[in-house]
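This report refers to the structure that appears directly beneath it.
The values are calculated or read from the model by the stated rules, or taken from the named source; none is laboratory data. If you're wondering where the values come from, they're calculated on a predicted model, not measured in any experiment. Note that we place each Cβ from the backbone using ideal geometry, even for glycine, and neighbour counts take in every protein chain shown. Heavy atoms of the whole protein, side chains included, go into the accessibility calculation; ligands, DNA and RNA do not. Shrake-Rupley method; radii C 1.70, N 1.55, O 1.52, S 1.80 Å.
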Amino acid sequence: MENAEIARLLSETADLMEIAAEDGFRIRSYRNAATAVEGWPERIEDILQDTSRSITEIPGVGKGIANVLAEIAERGSFERRDQMLERYPPTALELLKIQGLGPKSIALLIEHYRVTTIDDLEKICQEQKLRLLPRMGAKLEEKVLRSIAGYRKRAGRFLLDFAARVAEDLTEYLTAGGHIGRIEPAGSLRRGRETVGDLDLLVSTEDAGAVLERFTSNPKVSEVLGRGENKASVRVGVEGLQVDVRALPESSFGAALQYFTGSKLHNVALRTRAVRMGWTLNEYGLFEAESERLLAGRTEEEIYEKLGLAWIPPELRENQGELEASEQGNLPKLVELGDIRGDLHMHTTETDGRATLEEMAEAARERGLEYIAITDHSKSLAMANGLDETRAVAFAKKVREVNQRGLGVRIFSGLECDIKRDGGMDLVDDALAELDMVVASVHSYMNMDSAEMTDRLLRALECPYVKVLGHPTGRVLLHRDGYPFDFERVAEAAARRGVALEINASPERLDLHAPLLRAAKARGARFVISTDAHHPKHLANMRYGVITARRGWLEKADIVNTLPAGNLLGAWQNGKQ
Ligand code: DGT
Ligand code: CA
Ligand code: CA
Ligand code: ZN
């Protein structure tokens, strides 16, 4: 069994124990073990088989969990899990994914109405029976119905970074088998969409049979959905992401890449254009309609060129004006990962990060960054041990000292300051004034109505020390939508005050995203792309922020952290960027 699957058994059991209102300490120990197992670089089963080692060497795995792991390795389950599954069906786990319902409410629903599936739950709400339970009401019924709709829309989609990792693994695996010319992911992954439905992998090869055989026999494949001469579909891993591999000859690789990259709407517009020119365009190439003579197909570039267009970067292929821009030679010169010089949002062990300032700086230096801002949380995020005024000022002093020593990367003293309910800052001005920059973010009271939230954000932008508005919409992908507010007014105010809007590169957020980026740019706003790293490895997420910026048609000049450190500091001191 793979580590990810073992981790899933542990965390599902913890979920069921939560519904059963069991002891919090034991629930946490299963959760911690799940995290530890999932992140462990070696296979748990290998360690268990090695008599010279003990599984308890893994942090988060004590004696009790060690026994559980041994039992899982032996028979694929463990006693506590079996007990829980006797009491609740596995479908009960899905109910936990519905926003607005905690484990206690779910326990009640199961007890009173025998609700075990989302469909059951929907029915109970529609029949207005949820409101009959203690502490539940008509409002909650509505909220749950909305959550169910949202859940159904999201179900079966995957975060971009997860899909990208699967694609990279498979690419490496297939390449190692030989017979491969070109290999590239197409579809929504190539366009950089924030979530991916399925993975579309294209391979040019002389031996489709061999490539598809190797693909379907990959040990990570959990189910083969279909296999033909030139195409195979599988599901991988416990998560069940569908992957389609198409094998093609080199001569039509460009046409297939164009076709399967989509989007559908972009392709429709492009095909219409081809037809107007007396041609047809499909996954095999661009052809003369009458004679069926091949005009282009080997590369995407030659197809677009034949159609009188400059090649269009995949991130723009959403039929949002990219064809017109391409025809007129007005495509933006999109920002690239290499343009980014610094990272202006990250956390350390001072609050909820996993590494020290020095470790984050070292990781940033290794990634070739010129500067970083350490932006730990402020005090109202008590759970994260947020900084109060005294600690913030001491931290600014420490950063000045560290910079004198020189860590190979310039450090800015920053803070991710909570925006209070009324739009005020969590720390007093005197403390904020000691810092190089402040990222202001909303982390609480997200249920306000749009007018209140708009006022709150506008007031936050008035604070002279705020240089960045962090993860502006508050959305968490596959989990919750952003809070409502008048985005245009906030973007305008940010532009006027020289406050950059953040593109939070964390794959769970990617906030702001494309349509809002374009709207904000049209109002004169500027942006930073930041990782919000809580661990050195998160610095690598910058690429997802850059992809998101590109989907918003942004260029280097739109992104403040493409500036050298000196210019940035100068701009901040002058109060504009
Ligand atoms: P996803 O998988 O939901 O994240 O989104 P995509 O864009 O990857 O969509 P997918 O996997 O259904 O198809 C990949 C691309 O292939 C799609 O963007 C356009 C093209 N495509 C696939 N099937 C068809 C089709 O039946 N008609 C047309 N016009 N295009 C198709
Ligand atoms: Ca797809
Ligand atoms: Ca597909
Ligand atoms: Zn935050």
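Take every DSSP beta bridge whose two residues both sit in the chain; close to 45 percent of them are antiparallel. To the nearest 500 deg cm²/dmol, what mean residue ellipticity at 222 nm is calculated for the chain from DSSP H runs of n ≥ 4 alone, each contributing -39,500 (n - 2.57), summed and divided by the residues? Computed ellipticity for the chain at 222 nm equals -13000 deg cm²/dmol. With all protein chains in place and a 1.4 Å probe, the accessible surface of the range 158-248 carries 45 percent carbon and sulfur. Applying 0.36 nm per residue to the separation of E74 and N385 and subtracting their alpha-carbon distance, the gain on full extension is 107.9 nm.
Ignoring ligands, DNA and RNA, what percent of the 1.4 Å accessible area of the range 468-512 is carbon and sulfur? Could you put the intermediate results ahead of the total?
Details: 570 of 1450 Å².
After summing per-atom areas, the C and S share lands at 39 percent.
Can you give the longest stretch of the chain with no exposed loop site, where a site means chymotrypsin sites (Phe, Trp or Tyr not before Pro) in a DSSP loop (not H, G, I, E or B) with at most 16 other C-beta atoms within 10 Å?
Numbers: sites that count: Y284, W311, Y445.
The longest such stretch corresponds to 1-283.
Each of D169 and Y284 was given a label point 7 Å from its Cα along the Cα-to-Cβ line. The distance between the two points is 3.6 nm.
Quick check: with the 1.4 Å probe, what order do K104, K143 take by accessible area, largest first? Before the final figure, lay out each step's value.
Details: K104 165, K143 80 Å².
Per-residue accessible area, sorted high to low, gives K104, K143.
Each residue of the range 497-509 was assigned a 3J(HN,Hα) from its phi angle through the Karplus expression (A = 6.51, B = -1.76, C = 1.60, θ = phi - 60°), giving 8, x, 9, 7, 8, 7, 9, 6, 7, 4, x, 6, 10 Hz with x at Gly and Pro. Summary of the geometry: the range 275-306 and the range 527-577, compared by the centres of their Cα atoms, lie 40 Å apart.
The spacing between the range 46-65 and the range 338-416, judged by their C-alpha centroids, is 35 Å.
Contour minus end-to-end for A557 and L85, with contour as 0.36 nm per residue of separation and end-to-end as the Cα-Cα distance?
Extra length available between A557 and L85 comes to 164.3 nm.
Past 26 Å, Cα to Cα, is the threshold; run K97/K123; K264/K306; K153/K467; K123/K153; K220/K537; K333/K521 against it and keep the listed order.
Details: K97/K123 17 Å; K264/K306 20 Å; K153/K467 35 Å; K123/K153 18 Å; K220/K537 24 Å; K333/K521 15 Å.
Exceeds cut-off: K153/K467.
Report the relative contact order of the chain, percent, no decimals, based on alpha-carbon pairs under 8 angstrom and at least 6 residues apart. Before the final figure, lay out the partial values.
On the way: 1065 pairs, mean separation 52.5, N = 577.
Reported relative contact order: 9 percent.
Per residue, the accessible area of the chain comes to 46 Å² when a 1.4 Å probe rolls over the protein heavy atoms.
Separation of the range 457-475 and the range 157-214, taken as the distance between their Cα centroids, equals 39 angstrom.
With the full set of protein chains in place, find how many percent of the accessible area of the range 328-436 is carbon and sulfur; take the probe as 1.4 Å.
Working: 2260 of 5090 Å².
Carbon and sulfur: 44 percent of the exposed surface of the range 328-436.
Normalised by the residues of the range 250-357, what does the relative contact order come to in percent, with Cα pairs under 8 Å and at least six apart?
Working: 131 pairs, mean separation 23.3, N = 108.
Computed value for the range 250-357: 22 percent relative contact order.
Among the trypsin sites (Lys or Arg not before Pro) within the range 527-577, which fall in a DSSP loop and have no more than 14 other Cβ atoms within 10 Å of their own Cβ? Hits after loop and neighbour filter: K576. Using a 7 Å offset from the Cα along the Cα-to-Cβ direction at both E327 and Q128, what is the distance between the two label points in nm, to one decimal? Reported label-point gap for E327 and Q128 is 5.5 nm. With a simple spin-label model that places each label point 7 Å from the Cα along the Cα-to-Cβ direction, the separation between M448 and E305 comes to 5.4 nm.
What is the antiparallel percent of DSSP beta bridges lying wholly in the range 337-571, to the nearest 5? Don't skip to the answer; put the middle values down first.
Working: 3 of 29 bridges.
In the range 337-571, approximately 10 percent of DSSP beta bridges are antiparallel ones.
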